[in-house]
Amino acid sequence: MVYVLRRLGHTAVVLLGVSIVVFALIQLVPGDPVRLALGTRFSQESYDALRAASGLDQPLPLQFFGFLGGALTGDLGVSFRSGQPVTGILLNRLPATLSLAFAGIVIAALISFPLGILAALRNGKATDAVVRVVSQAGVSLPDFWMALLLILGLSASARLLPSSGYVPITDDPVEWARHVAIPAITVGLIAGSIMTRYVRSSVLEVLGSDHVRTARSKGLRERIVLGRHVVRNALVPVITVGGVQLATMLGGVVVVEVVVGWPGLGRLVFDAVNQRDYPVIQGAVLLIAVMFLLINLVVDLLYARIDPRIRLT
């Protein structure tokens with residue numbers, strides 16, 4: 001419990017730093033957000049009124065502390081473009097991002113664990129070489145190109161899946177699965193390729209350890225050796241990589257979301273940057289940072305759960 005509280009304190013400090021950096025960088029973005037929000041035809045009165053309502057007429061320190069004070073109470077401001085509360089906009093986009101991220105990480109796990117373990121058990125053989133080549137290709141291929149290939153193959157040609165759009169899982173689970181398939185396979189293949197290499201190297205390291213040799217010398221079946229002594233001990237570094245990949249997906253795979261028209265946080269940030277919608281950018285980046293830090297905390301807690309030798313202090 002003390003460790004969790006300490007980590008939450010560190011998280012608060014990191015979030016403060018993220019808020020300062022994001023606020024400072026936004027001020028360097030060229031363009032007037034109020035002018036963009038009003039369009040080409042506007043009066044000076046409406047321009048001044050919107051600047052005052054948005055707080056942009058105040059000095060920068062007051063703008064920052066106003067944003068920070070509102071964030072502590074859950075008020076992230078109002079969008080310059082739509083006039084809607086930023087918190088509501090983020091909450092509307094969050095389910096799409098969560099569903100894509102978890103579908104993608106499941107696909108990545110289904111790819112990486114079997115292939116990584118198989119490559120480690122066939123170390124130096126043809127199977128190992130094939131797995132390494134395929135995983136390297138998956139890491140090297142651009143995500144947007146892979147998304148386009150899947151759209152051409154599964155949507156345009158075979159007409160098995162829709163090429164874009166989003167249906168909430170609570171409305172229709174089957175349609176949600178059909179719409180999430182292409183973006184989830186795209187991000188899952190890339191993350192799975194990265195994780196496969198870590199699974200292979202981690203399993204190889206554990207296979208050469210003394211306790212595995214002792215277990216085999218006792219005559220234990222290979223299945224028991226793998227399940228009890230190899231896979232569990234190899235999970236710690238793999239979980240670290242998996243957590244990073246999940247956090248990346250939750251942060252929004254911007255290019256994939258734009259290509260497939262997925263209404264997640266990545267697409268939201270992309271549109272907000274183009275529209276100079278400062279409150280949406282600040283709120284989205286802050287939310288992404290919170291999710292990233294929470295995933296890191298969960299990963300650290302899983303370490304002690306998987307490996308009793310690890311103590312959280």
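The values are calculated or read from the model by the stated rules, or taken from the named source; none is laboratory data. Source: prediction; values computed, not measured. In this analysis, Cβ positions are derived from the backbone assuming ideal geometry, glycine residues included, and neighbour counts consider all displayed protein chains. Keep in mind that these areas ignore ligands, DNA and RNA; they rest on the heavy atoms of the full protein, side chains included. Shrake-Rupley method; radii C 1.70, N 1.55, O 1.52, S 1.80 Å.
Structure notes:
- Under the convention that each Lys and Arg Cβ holds +1 and each Asp and Glu Cβ holds -1, the size of the dipole of segment 107-211 around its Cα centre is about 380 debye.
- Computed over protein heavy atoms with a 1.4 Å probe, the accessible surface of segment 1-132 works out to 58 Å² per residue.
- Peptides ranked, highest mean first, by Cβ atoms within 10 Å: ranges 19-30, 287-298, 195-206: 195-206, 287-298, 19-30
- About its Cα centre, the dipole of segment 181-313 is roughly 840 debye, where the only charges are +1 on Lys and Arg Cβ and -1 on Asp and Glu Cβ.
- Averaged over its residues, segment 186-313 has an accessible area of 46 Å² per residue, based on protein heavy atoms and a 1.4 Å probe.
- Applying the criteria of a DSSP loop state and at most 14 other Cβ atoms within 10 Å to the trypsin sites (Lys or Arg not before Pro) of segment 1-102 yields Arg41.
- For the chain, size of Cβ-based charge dipole, Lys and Arg +1, Asp and Glu -1, in debye: 1560
- Centre separation in Å (Cα based) which lies between segment 144-171 and segment 174-253: 27
- Positive dipole terminus of the chain, leading residue within Gly219, Pro114, Val299 (C-beta point charges): Gly219
- Candidate residues Glu175, Glu45: accessible-area rank, largest first, probe 1.4 Å: Glu45, Glu175
- Label-point gap, in nm, between Glu222 and Leu94 - each point 7 angstrom along Cα→Cβ: 4.7
- For Val78, distant residues with modelled amide H under 5 Å away: Val86
- Heavy-atom accessible surface of the chain: percent carbon and sulfur, 1.4 Å: 65
- 3J(HN,Hα) from dihedral phi, segment 7-16, Karplus parametrisation 6.51/-1.76/1.60, rounded to Hz, x for glycine, proline: 5, 5, x, 4, 4, 4, 5, 4, 5, 4
- Rounded if a/c under 1.5, otherwise prolate or oblate - segment 208-309, Cα gyration tensor axes: prolate
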